[in-house]
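Working notes for the structure below.
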Amino acid sequence: PAQMKSSVFSLLGPYVKPYRHRLLLVLLTTLVINGLSLLPPLIFRHLIDDVVQVGNWGPLPWVLAAYLAAPLLAQAIGFFNTQSMVFVGQRFVADMRIGMYQLLLRLSTRYHAEHATGGMITRLMGDVGMVQQLVTGQTIQLLADILVFGFSVFIAFSIRWDLALILVAVTVLYSGAYRFFSKRITTAAQS
């Protein structure tokens, strides 16, 4: 398995390398979008604790503007992020298909006589599509979700550590129950 992993990364490396800066930018913008989605509750908390309860109405317009600006900014960055991810995905797939096509052209005539062309093309298109999803969509979202989860836990502990401990305990219990009962629930739902 370790050799297989290294060979997969060594095969994908030349195709990913030209887009590594854009992929890093997409990851960072995904983190910013997720971070902006965490801001409205904190702004609302500031509105209630520091403006309404105290009766300090001076910062009210600024707090409301920030509350409205956070989702709008997240949408604008999300549009840029989606365009960048589509660009990287399209270019990555094009480069990979060209490389695979050149590899197919270098194969012997005997190989082409023994293997069906349609099967090779179907396999080529399907595999490249799966790798595109892995490189551009799922991996970046998974990394962003892990980082946002860590940031959310940090924020929860910085606001109130005792409630954060309860939140973490409930999350661990839920994850354990899901792992334990998911197969049983799926089996019961299918029958």
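The values are calculated or read from the model by the stated rules, or taken from the named source; none is laboratory data. Worth saying up front: this structure is predicted, and the values here are computed from it rather than measured. Ideal geometry is used to build each Cβ from the backbone, glycine not excepted, and the neighbour counts take in all protein chains shown. Side chains included, ligands, DNA and RNA excluded: accessible areas come from the protein's heavy atoms. Shrake-Rupley method; radii C 1.70, N 1.55, O 1.52, S 1.80 Å.
Which residue out of Ala94, Ala70, Ala74 is open to solvent by less than 40 Å² (accessible area, probe 1.4 Å) and either part of a loop (DSSP other than H, G, I, E, B) or in contact with a Pro (Cβ under 6 Å, 6 or more places away or on another chain) (or both)? Walk me through how you get there before you give the answer.
Working: Ala94 fails: either part of a loop (DSSP other than H, G, I, E, B) or in contact with a Pro (Cβ under 6 Å, 6 or more places away or on another chain) (or both); Ala74 fails: either part of a loop (DSSP other than H, G, I, E, B) or in contact with a Pro (Cβ under 6 Å, 6 or more places away or on another chain) (or both).
So the residue among Ala94, Ala70, Ala74 that is open to solvent by less than 40 Å² (accessible area, probe 1.4 Å) and either part of a loop (DSSP other than H, G, I, E, B) or in contact with a Pro (Cβ under 6 Å, 6 or more places away or on another chain) (or both) is Ala70.
Mind checking whether some residue in segment 149-168 is open to solvent by less than 80 Å² (accessible area, probe 1.4 Å), more than 30 Å from Val86 (Cβ to Cβ), more than 25 Å from the chain's Cα centre (by Cα) and not β-branched (Val, Ile, Thr)? Yes: segment 149-168 contains one or more residues that are open to solvent by less than 80 Å² (accessible area, probe 1.4 Å), more than 30 Å from Val86 (Cβ to Cβ), more than 25 Å from the chain's Cα centre (by Cα) and not β-branched (Val, Ile, Thr).
Going residue by residue through segment 133-143, is there one that turns out to be polar (S, T, N, Q), within 16 Å of the chain's Cα centre (by Cα) and open to solvent by 90 Å² or more (accessible area, probe 1.4 Å)?
Within segment 133-143, one or more residues are polar (S, T, N, Q), within 16 Å of the chain's Cα centre (by Cα) and open to solvent by 90 Å² or more (accessible area, probe 1.4 Å).
Considering the conditions (1) under 26 Å from Val153 (Cα atoms); (2) open to solvent by 40 Å² or more (accessible area, probe 1.4 Å); (3) under 27 Å from the mean Cα position of the chain (by Cα), Leu64 is excluded by exactly one of them, (3). Taking the numbered list (1) of a type outside the set (D, E, K, R); (2) in a helix (DSSP H, G or I); (3) without any contact (Cβ under 8 Å) to a residue 24 or more places away in the chain in turn, Val16 passes all entries but (3). Only a single criterion out of (1) assigned to a helix (DSSP H, G or I); (2) open to solvent by 60 Å² or more (accessible area, probe 1.4 Å); (3) modelled with pLDDT of 85 or more is not satisfied by Val54, namely (1). Assess whether Phe87 counts as being assigned to a helix (DSSP H, G or I), closer than 30 Å to His21 by Cα, aromatic (Phe, Trp, Tyr) and touching a Leu at 6+ places or on another chain (Cβ under 8 Å). For Phe87, the condition - assigned to a helix (DSSP H, G or I), closer than 30 Å to His21 by Cα, aromatic (Phe, Trp, Tyr) and touching a Leu at 6+ places or on another chain (Cβ under 8 Å) - is not met.
Could you say whether any residue in segment 103-124 is open to solvent by less than 60 Å² (accessible area, probe 1.4 Å) and closer than 16 Å to Tyr19 by Cα? The answer is no, given that none of the residues of segment 103-124 is open to solvent by less than 60 Å² (accessible area, probe 1.4 Å) and closer than 16 Å to Tyr19 by Cα. Scanning segment 67-84 for residues that are touching a Leu at 6+ places or on another chain (Cβ under 8 Å) and within 24 Å of Pro41 (Cα to Cα) returns Tyr67, Ala70, Pro71, Leu73, Ala74, Ile77.
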